[in-house]
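Peer 1: Following this message is one structure expressed as structure tokens.
Values in this text are rule-based calculations from the coordinates and carry no lab data. Bear in mind that the values here come from a model prediction, so they are computed numbers and not experimental data. Neighbour counts are summed over all protein chains in view; Cβ atoms, including those assigned to glycine, are modelled from backbone coordinates with ideal geometry.
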Amino acid sequence: MSDTAVPRAAAPLPAPPRPSPPAARRRIPLLDVLRGAAILGTLMTNVWIFTAPGGEWSVLSGGMPSPAESLLADPSLPSVAEGVFRFLADGKFLSLLTVLFGVGLAVQYESAVARGQAWPGRYRRRALFLFLEGTLHFTLVFAWDVLMGYAVTALLVARLLGRSRRARTVAAWTFAGLHLALVLLVTAAFLADGPGAGRGGGAPSPADERAVALYADGGYFDQVAFRLENFAALRIEPVLSFPLLVLLFLLGVRLFRAGAFAPDAAGRRIRARLCVWGLGLGLPLNAAASLAGPDFLMLGRYTAAPVLALGYLGLIGVLADRAARRGLRPGPLTAGLTAVGRTALSAYVAQNAICALVSYGIGLGLAARFDGAGPWWVMGLWAAVCLVLTLGASLWLRRFSHGPLEAVQKWALRPRGAAGPAPAGTGEAGTAATGTAGTTGAAGGEAAGAGTRPGDQTLR
């Protein structure tokens, strides 16, 4: 037997610690709440379109008087309730949704950079897929879809994300100037045409009369054909508001990179300032534009409304901060908004489909049955749909991690044959920019690391 010692087998080295997920894949609860509020808030405006004579065409035919017009014509309790309801919603939550889409785009950019992926790279596929989703939504469900406009805007803004902060600032001011010039030009044209030109009106056109009959008694495929036949007219809003969309996308990117959604002291200060300045300036500006009459529609919906939308963002953030400081657990309202925010694309399409089935002749036909019955049933419909969506989204997320349409999008955009993680924009961080907020943003997760405040100095 040899005296040579036999060396003992070396102990296995401990496994290296698993790297923590990149900041952009962590969730910021506030963004889910904001997205949910934006989705349900847009319905506060759209529900009046579904229930008006002529449905989607009523926006162009002058069949929907402004809140101030209704209030001044009949200062009764129902009219006051309708006026306040519509005043608080019209254009504000759509602007909030647009800002949140810009936030989601910034999240996806950071996710791509963290993975070492080229940008915009595969994001182009996501934007084109979103455009396809919007086209189907426009054709089959609701003519005033926002997804198509968001997809086109995202393609442009995605190119700007990799540029310097100075380049984005120049772009923001350029599109702000274009938007303001367009708004003033259209407003001047309305004023030149005489009082009330901004609302339309006059003798009903054949298209107006056809639309009233179509949405009250027509078949589903007749409505689809009507949307396609009047595609140019029904798609006028994203064309006119394109400079504003770009501006609000870039504003969302700037707010995210400034740390406006972070749970630290700096984030709380930004949210408090947004609340004070947004509400302080937005409320009087919107009141003035509304009282000025329908000729100032563009100034109200597309200039004053975004200011108040920032106030809403700040207000929701301040309320969430106060609840966090007091150690309060999320209540049913917060939980419901969060669930809708995490399934925002599905919720956005679902709320429009529900309202169409309830209001149009292809379903219950309540718009024609309750024509002239006052605003209470319309506001009740909004509340009922919100309840269905919050409960439905909460129950769905108990079993699934994504909403149904978010899951389809995730599957469609996953590289075929790839066993690794989904590309940037299809994971949790990427779902943020589907729309609205994920509407998207419409979709699942979002956020940037809770305490992180990504800055332009590291991501240009």
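Peer 1: Report the charge-dipole magnitude of the range 23-433 in Debye, nearest 20, computed about the Cα centre from +1 at each Lys and Arg Cβ and -1 at each Asp and Glu Cβ.
Peer 2: For the range 23-433, the charge dipole is close to 2660 debye.
Peer 1: Quick one: 3J(HN,Hα) in Hz for the range 395-401, Karplus 6.51/-1.76/1.60 with θ = phi - 60°, rounded, Gly and Pro as x.
Peer 2: Values, residue by residue: 5, 4, 6, 5, 10, 10, 8 Hz.
Peer 1: Separate question: Please compute the contact order of the range 228-378 in relative form: average sequence separation of alpha-carbon pairs under 8 Å and at least six residues apart, divided by the residue count, as a percent.
Peer 2: Here the relative contact order equals 16 percent.
Peer 1: Of the trypsin sites (Lys or Arg not before Pro) in the range 335-423, which ones lie in a loop per DSSP and count no more than 15 other C-beta atoms within 10 Å?
Peer 2: Qualifying residues, ordered by number: 398, 399, 416.
Peer 1: Between residue 408 and residue 387, what is 0.36 nm times their sequence separation minus the Cα-Cα distance? Round to one decimal in nm.
Peer 2: Computed gain between residue 408 and residue 387 is 5.1 nm.
Peer 1: I've got another one for you. Normalised by the number of residues in the range 23-433, what is the relative contact order in percent for Cα pairs under 8 Å and 6+ residues apart?
Peer 2: Reported as a whole number, the value is 31 percent.
Peer 1: Test of understanding: what is the full-extension gain from residue 395 to residue 325, defined as 0.36 nm times their sequence separation minus their Cα-Cα distance?
Peer 2: Taking 0.36 nm per residue and subtracting the Cα distance, the gain is 22.4 nm.
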